[in-house]
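The values are calculated or read from the model by the stated rules, or taken from the named source; none is laboratory data. None of the values given here were measured: they were computed from a predicted structure. Glycine also receives a Cβ, built like all others from the backbone with ideal geometry; neighbour counts cover every protein chain displayed.
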Amino acid sequence: MNSHVIHPAGPEDSERSIATLVMAFSNDPFVRWMMPEPNQYLTYFAAVVRLFAGAAFEAGSAFRTADYMAAALWLPPGVHGDSEALGELMQIAISAEVLDDAFGVLEQMGHSHPEEDHWYLPMIGVDPARQGMGYGSALLAHSLEACDKLHLPAYLESSNPRNIALYERYGFKVINEIQVGSSPPISPMLREAR
């Protein structure tokens with residue numbers, strides 16, 4: 001079986017796909033700034049993923065590789081995360097020292113989205129044991145085909161500077177930088193409709 005074959009990830013795939021994303025973001029500069037302590041991260045980050053991007057499973061816009069080593073959660077136009085529940089969780093999960101800055105980053109992220117309809121990629125990740133093996137490229141190529149068929153732009157925020165070059169290879173361009181207080185920078189990126 002070719003592990004780079006991409007499958008839709010429905011609700012029945014959510015637990016395994018989210019586990020992959022938890023592994024993938026374990027060294028992410030922004031996420032680990034918010035949740036630096038390992039137990040804190042492992043206790044709360046799966047719930048953050050579910051609230052921030054889990055609507056993709058019901059919307060039919062979540063994808064995974066055949067072996068569940070990589071997953072991408074896209075939010076098409078009209079589909080959003082549960083920002084109210086996410087805010088409540090952040091107040092429990094994130095230390096008071098960085099909480100205000102984290103909320104400031106999320107607010108700026110909201111302002112950076114394109115005004116026109118677009119596909120939003122809040123989460124894409126590859127298990128660290130498989131990074132650098134083409135999984136992320138396979139997921140991006142597959143997902144962007146849907147954007148192109150609909151002639152819609154795609155938008156994401158890169159929370160890890162190492163990933164910017166990958167996104168640029170697929171036509172994304174950095175449009176801004178978000179940084180609040182002690183937070184690491186985040187790079188909003190837009191890929192124009194094709």
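Can you pull out every residue in segment 26-45 that is more than 14 Å from Arg162 (Cβ to Cβ) and surrounded by fewer than 16 Cβ atoms within 10 Å (Cβ to Cβ)?
Matches in segment 26-45: Pro36, Glu37, Pro38, Asn39, Gln40, Leu42, Thr43.
Which members of segment 164-194 meet the condition of being surrounded by 19 or more Cβ atoms within 10 Å (Cβ to Cβ) and closer than 26 Å to Pro36 by Cβ?
The answer is Tyr167, Ile178, Ser183, Ile186, Ser187, Pro188, Met189.
Hey, can you tell me all the residues within segment 84-133 that are closer than 19 Å to Leu156 by Cβ and small (Gly, Ala, Ser)?
Matches in segment 84-133: Ala102, Gly110, Ser112, Gly125.
Need the failing condition index for Gly60 against (1) at positive phi; (2) touching a strand residue (DSSP E or B) at 6+ places or on another chain (Cβ under 6 Å), just the number.
(2)
Does Ser83 fit the bill of being crowded, with 17+ Cβ neighbours inside 10 Å and at pLDDT below 95?
On the way: crowded, with 17+ Cβ neighbours inside 10 Å: no; at pLDDT below 95: yes.
Answer is no for this residue.
Can you confirm whether Gly132 is more than 29 Å from Leu89 (Cβ to Cβ) and either in contact with a helix residue (DSSP H, G or I) (Cβ under 6 Å, 6 or more places away or on another chain) or at pLDDT below 95 (or both)? Give the steps one after another, and end with the answer.
Details: more than 29 Å from Leu89 (Cβ to Cβ): yes; either in contact with a helix residue (DSSP H, G or I) (Cβ under 6 Å, 6 or more places away or on another chain) or at pLDDT below 95 (or both): yes.
So Gly132 passes the test.
Counting only residues that are farther than 18 Å from Ser158 by Cβ, give me the helices (runs of 4 or more DSSP H) lying completely in segment 12-62 with at least 1 of them.
Details: elements: 14-24, 29-34, 38-53, 55-59.
It comes to 14-24, 38-53, 55-59.
Got a sec? Which of Gly60, Gly110, Gly54 is under 30 Å from Ala193 (Cβ atoms), surrounded by fewer than 13 Cβ atoms within 10 Å (Cβ to Cβ) and out of contact with any Phe, Trp or Tyr (no Cβ under 9 Å at 6 or more places or on another chain)?
Details: Gly60 fails: surrounded by fewer than 13 Cβ atoms within 10 Å (Cβ to Cβ); Gly54 fails: surrounded by fewer than 13 Cβ atoms within 10 Å (Cβ to Cβ).
Matching residue, one of Gly60, Gly110, Gly54: Gly110.
Is it true that Tyr120 is within 29 Å of Ala138 (Cα to Cα), buried (at least 19 other Cβ atoms within 10 Å of the Cβ) and in contact with a His (Cβ under 9 Å, 6 or more places away or on another chain)? Even if it seems obvious, please write down each step before you answer.
On the way: within 29 Å of Ala138 (Cα to Cα): yes; buried (at least 19 other Cβ atoms within 10 Å of the Cβ): yes; in contact with a His (Cβ under 9 Å, 6 or more places away or on another chain): yes.
Yes.
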